[in-house]
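Peer 1: Quick one: the structure is below, and I'll ask about it shortly.
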Ligand SMILES: Cc1cc2nc3c(=O)[nH]c(=O)nc-3n(C[C@H](O)[C@H](O)[C@H](O)COP(=O)(O)OP(=O)(O)OC[C@H]3O[C@@H](n4cnc5c(N)ncnc54)[C@H](O)[C@@H]3O)c2cc1C
């Protein structure tokens, strides 16, 4: 994938070079974007006074940028806007890997780590687009029916974008990698796929909705 501005692969840096399990590593932009577009939230790390914090957050992808939003008072967003470096991690958990030995138990996953410095969006139109993308990321088509944010709500929201440039991907799939010496151990071995599945939509009990449940919500999947 040739992105809007960047190359089809991320150039590994000294900070994103994967040292262990190299075959699982990738720098392919299209793969990273597929993972990001499927995930519902990211975990954003930042350090203040030597103390690392990792905070879960909703996000959206705007071409080659990750969009984060929250209250003006959010410590993470304030810090990011002030130039504190960020690390955003997204993980899709795909399954349990059950080996014959305890040592080779593992998880199947697809994950992306993005390092960088964020920029605060101040342009109102850019903030509007970001809010739309954040809602669309969760449920496609939702921005067409939900009321858009007004000026007061936009003013109360801080929005950062993080360039998706210094990034790496790791993927593990398939079954266990047992040692030959353990193949005779009488213990079931294999993997258990895990997926995120939606339950049935529950209408707002306090204020019953005036519209019927959207068809797409009945078949919601990532
Ligand atoms: C799936 C998910 C998506 C979210 N999406 C967003 C979003 O898009 N925007 C947004 O602003 N917030 C989001 N939140 C909430 C977010 O994780 C923080 O709780 C929130 O931003 C608090 O900011 P703060 O500056 O008040 O807290 P901080 O000052 O950053 O936090 C102070 C302390 O509170 C504790 N704390 C903060 N958040 C959490 C947490 N989630 N769980 C446990 N302890 C915590 C920690 O000990 C932290 O050091 C999301 C949470 C989840 C779980």
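Rule-based calculations on the coordinates, nothing more; no lab input. Treat the numbers as computed from the prediction; the structure is a model and nothing was measured. Note that we place each Cβ from the backbone using ideal geometry, even for glycine, and neighbour counts take in every protein chain shown.
Peer 1: What strands (runs of 3 or more DSSP E) lie completely within region 1-106 and have 2 or more residues being touching a residue at least 60 places away in the same chain (Cβ under 8 Å), surrounded by 19 or more Cβ atoms within 10 Å (Cβ to Cβ) and away from the ligand (no atom under 15 Å from the Cβ)?
Peer 2: Once the strands (runs of 3 or more DSSP E) in region 1-106 are filtered for at least 2 residues that are touching a residue at least 60 places away in the same chain (Cβ under 8 Å), surrounded by 19 or more Cβ atoms within 10 Å (Cβ to Cβ) and away from the ligand (no atom under 15 Å from the Cβ), what remains is 86-98.
Peer 1: Does residue 168 satisfy the condition of being assigned to a helix (DSSP H, G or I) and surrounded by 14 or more Cβ atoms within 10 Å (Cβ to Cβ)?
Peer 2: no
Peer 1: While we're looking at this one, here's another question. State all residues of region 178-214 that are within 13 Å of residue 99 (Cβ to Cβ) and assigned to a loop (DSSP other than H, G, I, E, B); if no residue qualifies, say none.
Peer 2: Going residue by residue through region 178-214, those that are within 13 Å of residue 99 (Cβ to Cβ) are 178-183, 185, 187-192.
Correct list: 178, 179, 183, 185, 187, 188, 189.
Peer 1: Restricting to region 67-87, name every residue that is out of contact with any strand residue (DSSP E or B) (no Cβ under 8 Å at 6 or more places or on another chain) and more than 19 Å from residue 130 (Cα to Cα).
Peer 2: In the first step, residues of region 67-87 are kept if they are out of contact with any strand residue (DSSP E or B) (no Cβ under 8 Å at 6 or more places or on another chain); the result is 73, 82-83.
Once the filter is applied, which keeps residues that are out of contact with any strand residue (DSSP E or B) (no Cβ under 8 Å at 6 or more places or on another chain) and more than 19 Å from residue 130 (Cα to Cα), region 67-87 yields 82, 83.
Peer 1: Please count how many residues of region 112-160 are within 27 Å of residue 11 (Cα to Cα) and part of a loop (DSSP other than H, G, I, E, B).
Peer 2: Looking only at that region, the number is 3.
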